[in-house]
Amino acid sequence: MMPSRGMLRFADAVDSYEDSEFVVLGAPFDRTTTFRSGARFAPTTIREASSNFEKELFEHGVTFDDIKLHDAGDLYEEGTVDDMVSSIKEEAGRIVKDGKFLVTMGGEHSVTPPLVKSYGKDISVITIDAHLDYRDTYQGLKNSHACAHKRIEDIVGKGNVFAFGVRSISGDEDHKSALYGDAFRVHREGCEAVFEEMLKKLKRKPVYLSLDIDGIDPAYAPGTGTPEPFGLTPFDVRHIINRLGDRLVGFDVVEVCPPYDNGNTSILAARLIREVMAVKWKAAHAKNA
Ligand code: MN
Ligand code: MN
């Protein structure tokens, strides 16, 4: 389906669904947010921010003129968290089954487990996050954003998911059984070294990458629901995206909270989405060349 005329689209998303290789989808859900709400506005502000950039990513030798991109619009934000989970599973499942590379803009982190589910069991997942998100339930909800890592592990199994950039773990999380690379080590030892060590632990090659924007330091990404100092830099995240390259099978960016933003967070989210698409496109097309 084509977005209707005048609808705000992600930059350069000029292709029909049928012709597209990449699809962007908004999942404006923030019902389980615990501190500052507003992530439901992020798909709109990220789309607006995306028009800020040149079509060319000269450093990759890639132009968005060559990238077949469709914007599928937003999912409905009505209903409970369980309604949201099933509507994402349905819509994302269709897009993934059609062989598209899906990029989802949250919404809060509770949108990620149903996205992961669309890929079946045979993938690895990496989350970039200040928080371990490893509670089994939070405020009575299994699908709370504070349980995202745990729900992903339920789907892909232990040893197939790790969190990176973590610097907040609660006493009621069973963190000894979780895989994660903490931000303090990243600062001491460097992103590349810690990321390589974590990457070796994953058993499966295809990787779904979920970027909780609060994994990046609030100095760069202030507009988020639960900001946490001592974070990663945008260059660290850029390194991770490029290191994964052709292994990437899907991507989301979640927890951008526009009411608390100075604009930079949405701009960074939009730029990292473009980085993922350029890197994946380059890797896929170099292989076929
Ligand atoms: Mn999270
Ligand atoms: Mn977080």
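The values are calculated or read from the model by the stated rules, or taken from the named source; none is laboratory data. The model shown is predicted, which means the values in this text are computed figures rather than measured ones. Every residue, glycine as well, gets a Cβ built from its backbone with ideal geometry; the counts of neighbours run over all protein chains shown. Ligands, DNA and RNA are stripped out before the accessible areas are found, and what is left, the full protein with its side chains, is counted by its heavy atoms. Shrake-Rupley method; radii C 1.70, N 1.55, O 1.52, S 1.80 Å.
Details
Listed here are the residues, each with its yes/no results for (1) in a helix (DSSP H, G or I); (2) hydroxyl-bearing (Ser, Thr, Tyr).
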site: LEU209; (1), (2): no, no
site: GLU228; (1), (2): no, no
site: ASN242; (1), (2): yes, no
site: GLY245; (1), (2): yes, no
site: VAL249; (1), (2): no, no
site: THR265; (1), (2): yes, yes
site: MET277; (1), (2): yes, no
site: TRP281; (1), (2): yes, no
site: HIS285; (1), (2): yes, no
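- Positions within the stretch 21-51 being surrounded by fewer than 22 Cβ atoms within 10 Å (Cβ to Cβ) and closer than 19 Å to VAL279 by Cβ, in sequence order: GLU21
- Flag for LYS200 being away from ligand 1 (no atom under 12 Å from the Cβ) and in contact (Cβ under 8 Å) with a residue 60 or more places away in the chain: no
- Within the stretch 119-152, the set of residues being open to solvent by 20 Å² or more (accessible area, probe 1.4 Å) and more than 15 Å from ligand 2 (Cβ to nearest atom) comprises TYR119, GLY120, LYS121, ASP122, ASP136, THR137, GLN139, GLY140, LEU141, LYS142, ASN143.
- Restricting attention to the stretch 207-222, the residues that are away from ligand 2 (no atom under 13 Å from the Cβ) and either in contact with a strand residue (DSSP E or B) (Cβ under 7 Å, 6 or more places away or on another chain) or touching a residue at least 40 places away in the same chain (Cβ under 8 Å) (or both) total 5.
- Top-ranked residue in the stretch 230-240 [being assigned to a loop (DSSP other than H, G, I, E, B) and surrounded by fewer than 19 Cβ atoms within 10 Å (Cβ to Cβ); ranked as nearest to ligand 1 (Cβ to nearest atom)]: PHE230
- For the stretch 251-263, a tally of residues being within 16 Å of ligand 2 (Cβ to nearest atom) and in a loop (DSSP other than H, G, I, E, B) returns 3.
- The listed residue being away from ligand 2 (no atom under 16 Å from the Cβ) and surrounded by fewer than 24 Cβ atoms within 10 Å (Cβ to Cβ), out of ILE169, ILE155: ILE155
- Within the stretch 186-206, one or more residues are within 16 Å of the chain's Cα centre (by Cα) and either surrounded by 16 or more Cβ atoms within 10 Å (Cβ to Cβ) or over 29 Å from GLY263 (Cβ atoms) (or both).
- Members of the stretch 121-141 found to be more than 10 Å from ligand 1 (Cβ to nearest atom), within 21 Å of VAL237 (Cα to Cα) and assigned to a strand (DSSP E or B), listed by number: SER124, VAL125, ILE126
- Residue in the stretch 185-203 that is within 12 Å of ligand 2 (Cβ to nearest atom) and at negative phi present: no
- Of the residues ALA221, ALA163, ALA183, the single one that is farther than 19 Å from ARG243 by Cα, aliphatic (A, V, I, L, M), within 16 Å of ligand 1 (Cβ to nearest atom) and at pLDDT 95 or above is ALA221.
- Just one of the numbered conditions (1) open to solvent by less than 40 Å² (accessible area, probe 1.4 Å); (2) assigned to a helix (DSSP H, G or I); (3) farther than 27 Å from LYS200 by Cα is not true of ASP83: (1).
- Filter result for VAL256 (more than 17 Å from ALA163 (Cβ to Cβ), at pLDDT 95 or above, under 15 Å from the mean Cα position of the chain (by Cα) and open to solvent by 30 Å² or more (accessible area, probe 1.4 Å)): no
Residues are listed down the side, and each one gets a yes or a no for (1) of a type outside the set (Lys, Arg); (2) within 15 Å of ligand 1 (Cβ to nearest atom); (3) part of a helix (DSSP H, G or I):
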{"residue": "ILE88", "(1), (2), (3)": "yes, no, yes"}
{"residue": "GLU91", "(1), (2), (3)": "yes, no, yes"}
{"residue": "THR112", "(1), (2), (3)": "yes, yes, yes"}
{"residue": "ASN143", "(1), (2), (3)": "yes, yes, no"}
